[in-house]
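Peer 1: The following block contains the structure, expressed as structure tokens.
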Amino acid sequence: MSKKNLTVGGYLATRLAENGVGHYFTVPGDYNLALLDEFLKIKQLKMISCCNELNAGYAADGYSRATGGLSAAVVTFSVGGLSLINAVAGAFAEDLPMIAISGGPNSNSTAEYEHLHHSIGDLDYTYVRDMFAHVTASSTIIHDPKSAAEQIDTAIATALLTRKPVYLEIASNIAASAVSNANPRSFDQRRTSDRSSLTAAVTAVANLLNKAKTPILVTGREMRSHGGEHAFADLAEAAGYAVAAMPDAKSFFDETHPSYIGIHWGAAGSPGTSELVESADLKYKRDNR
């Protein structure tokens, strides 16, 4: 990150751009106007205005599916966040790294007993964060510009590592506050396998496959979110096993490939596919549900 004199909002927008986000989906509201003003200064990002917050959330969901990476939705406090939350819950279930961003009450609002519009009338304004905590990998309110950069970096790293949404709420009165220059950093925190355990696992799987008479590969929804399409295709090509797909993984494997046998979904799937899958003596299903 080379930009100097960044604000909290500018820092967040720049970090998003650095991590492959080219568009963000938003509904402007008074709690996020200062934040959006800072986003608009970052030319690598394009604002996509949406008709409502749920629409913005589903657009961000689709963006993550299409790009395989981060997406971002920016909404206003409470009324916007609670409209967005259903889309975020869906992204959580589907392992999509969405950054759900909300403007929030001023950092002094609770201490000064300010009753705010678009809220539920309670002076505790942490309830939106608490709701999002159930459908995100992390849920954070940023009140202090001095810690904002670290909190933003941690949230983005968490989304990329877990392949889950995160929630960031930024107090309206600090969105344009200055932050210190950020050091370049990598957000690639993929877990590595223990070499001994990996070797043992490969040996065990190879033994199972070599003993099988009618093995079948079945691909599921996590193939995309964890970037496994190419490895799965290589395995299918090398082994020559029949390949079926769950309905939520349709198109993850080349449907013109001679090994492809169709959608595995009981009577609603491709004719005969589920019967073949259920009769196999060894199935590999890339999905942990």
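Peer 1: Place a point 7 Å from Cα of Ala93 in the direction of its Cβ. Which residues in the range 236-258 have their backbone N less than 14 Å from it?
Peer 2: Within reach of a label on Ala93: 248.
Peer 1: Hey, got a sec? Which GluC sites (Glu not before Pro) in the range 182-289 land in a DSSP loop and have at most 14 other Cβ atoms within 10 Å?
Peer 2: For GluC sites (Glu not before Pro) across the range 182-289 that sit outside H, G, I, E and B with at most 14 neighbouring Cβ atoms in 10 Å, the list reads Glu255.
Peer 1: Decide, for the range 164-230, between rounded, prolate and oblate: order the square roots of the alpha carbon gyration tensor eigenvalues as a ≥ b ≥ c, take rounded if a/c falls under 1.5, and otherwise choose prolate if a/b is larger than b/c, else oblate.
Peer 2: Taking the square roots of the gyration eigenvalues as a ≥ b ≥ c, the range 164-230 is prolate.
Peer 1: If you don't mind, there's one more thing I want to ask. Amide H neighbours of Ile142 under 5 Å, counting only residues 5+ apart in sequence or on other chains, H built in-plane at 1.01 Å?
Peer 2: Sorted by chain and number, the residues that satisfy this are Glu169, Ile170, Ala171.
Peer 1: Rounded to the nearest Å, what's the spacing between the alpha carbon centres of the range 227-247 and the range 190-225? Just the number, please.
Peer 2: After rounding, the separation between the Cα centres reads 12 Å.
Peer 1: Select from the range 58-158 those chymotrypsin sites (Phe, Trp or Tyr not before Pro) which occupy a DSSP coil region and have at most 15 other Cβ atoms within 10 Å, ordered by residue number.
Peer 2: Tyr113
Peer 1: Sequence-distant or interchain residues sharing an amide H contact under 5 Å with Leu282, placed H: which?
Peer 2: Residues meeting the amide H criterion: Thr214, Ile216.
Peer 1: How do Leu35, Leu116, Leu235 stack up against each other in accessible area, from largest to smallest, with a 1.4 angstrom probe?
Peer 2: Largest accessible area first, the list is Leu235, Leu116, Leu35.
Peer 1: Quick check: residue separation of Glu114 and Thr203 times 0.36 nm, minus the Cα distance between them. What number comes out in nm?
Peer 2: 25.7 nm
Peer 1: Now, a different point. Each residue of the range 66-77 in order: what ³J(HN,Hα) in whole Hz does its phi give by Karplus 6.51 cos²θ - 1.76 cosθ + 1.60, θ = phi - 60°, with x for Gly and Pro?
Peer 2: Listing the rounded values in order: 6, 9, x, x, 5, 9, 9, 10, 10, 10, 8, 5 Hz.
Peer 1: Whole-Hz ³J(HN,Hα) for each residue in the range 115-125, computed from phi via Karplus 6.51 cos²θ - 1.76 cosθ + 1.60 with θ = phi - 60°, x for glycine and proline: what do you get?
Peer 2: 8, 10, 5, 6, 10, 8, x, 9, 6, 8, 9
Peer 1: Trypsin sites (Lys or Arg not before Pro) within the range 1-74: which are DSSP loop residues with at most 11 other Cβ atoms inside 10 Å?
Peer 2: Those satisfying the criteria are Lys4, Lys43.
Peer 1: Just to compare against my own numbers: the Cα pair-distance distribution for the range 1-108, 10 Å bins, whole % per bin, please.
Peer 2: 16, 49, 31, 4
Peer 1: Sticking with this structure for a sec: More than 24 angstrom separation, counting every C-alpha pair in the range 115-208; what % is that?
Peer 2: In whole percent, the share of Cα-Cα pairs in the range 115-208 beyond 24 Å is 44.
Peer 1: Can you compute the equivalent ellipsoid semi-axes for the range 80-239, i.e. the square root of 5 times each eigenvalue of the Cα gyration tensor, sorted largest first and rounded to whole Å?
Peer 2: Taking √(5λ) for each eigenvalue gives 44, 19, 12 Å, largest first.
Peer 1: On the principal axes of its Cα set, how long, how wide and how thick is the chain? Give whole Å, largest value first.
Peer 2: 71, 40, 32
Peer 1: Using only the alpha-carbon atoms of the range 66-116, report the extent along each of the three principal axes, biggest first, to the nearest angstrom.
Peer 2: Answer, in whole Å and largest first: 44, 17, 13 Å.
Peer 1: Right, here's the next one. With angles folded into 0 to 90 degrees, how steeply does helix 8-18 sit against the dominant principal axis of the chain? Use alpha carbons for both and round to 10.
Peer 2: Helix 8-18 sits roughly 20 degrees off the main axis of the chain.
Peer 1: Here is a follow-up. For the range 48-165, state the average projected area of the convex hull of the C-alpha atoms over all orientations, rounded to one decimal in nm².
Peer 2: 7.2 nm²
Peer 1: Just the number, please: percent antiparallel of the DSSP beta bridges in the chain, rounded to the nearest 5.
Peer 2: 5 percent
Peer 1: How much length, in nm to one decimal, is gained on full extension between Asp194 and Leu123, taken as 0.36 nm per residue of separation minus their Cα-Cα distance?
Peer 2: Taking 0.36 nm per residue and subtracting the Cα distance, the gain is 20.7 nm.
Peer 1: Search the structure for amide H atoms under 5 Å from the amide H of Gly262, placed 1.01 Å from N in the peptide plane, and list their residues when 5 or more places away or on another chain.
Peer 2: Counting only residues 5 or more places away or on other chains, the set is Ala245.
Peer 1: Just the accessible area per residue of the range 148-289, please: how many Å² with a 1.4 Å probe?
Peer 2: It amounts to 56 Å² per residue over the range 148-289.
Peer 1: For the pair Ser251/Ser180, report the inter-label distance in nm, with labels modelled 7 Å from Cα in the Cβ direction.
Peer 2: 4.6 nm
Peer 1: Could you derive backbone 3J(HN,Hα) for the range 198-205 from the dihedral phi with the Karplus parameters 6.51, -1.76 and 1.60 (θ = phi - 60°), listing whole Hz in sequence and x where the residue is Gly or Pro?
Peer 2: Taking θ as phi minus 60°, the curve returns 5, 4, 5, 5, 4, 5, 5, 5 Hz for the range 198-205.
Peer 1: Which value in Å is the Kirkwood Rh of the range 86-140 over different Cα pairs?
Peer 2: Kirkwood radius, the range 86-140: 12.6 Å.
Peer 1: Let me ask you something else. Roll a 1.4 angstrom probe over the protein heavy atoms and tell me the percent of accessible area of the chain that is carbon or sulfur.
Peer 2: That share works out to 54 percent.
Peer 1: Relative to the Cα centre, what is the charge dipole magnitude of the range 1-114, using +1 at the beta carbon of each Lys and Arg, -1 at the beta carbon of each Asp and Glu, and rounding to the nearest 20 debye?
Peer 2: Dipole size: approximately 540 debye.
Peer 1: Taking each pair of different alpha-carbon atoms in the range 197-289 once, compute 1/r for the pair, average those values, and report the inverse of that mean as the Kirkwood hydrodynamic radius in Å to one decimal.
Peer 2: Evaluated on the range 197-289, it is 13.5 Å.
The values are calculated or read from the model by the stated rules, or taken from the named source; none is laboratory data. Keep in mind that what you see is a predicted model, and the values were worked out from it rather than measured. Heads up, the Cβs are rebuilt from the backbone with ideal geometry, glycines too, and the neighbour counts pull from every protein chain shown. The area values use the complete protein model at the heavy-atom level, side chains included, leaving out ligands, DNA and RNA. Shrake-Rupley method; radii C 1.70, N 1.55, O 1.52, S 1.80 Å.
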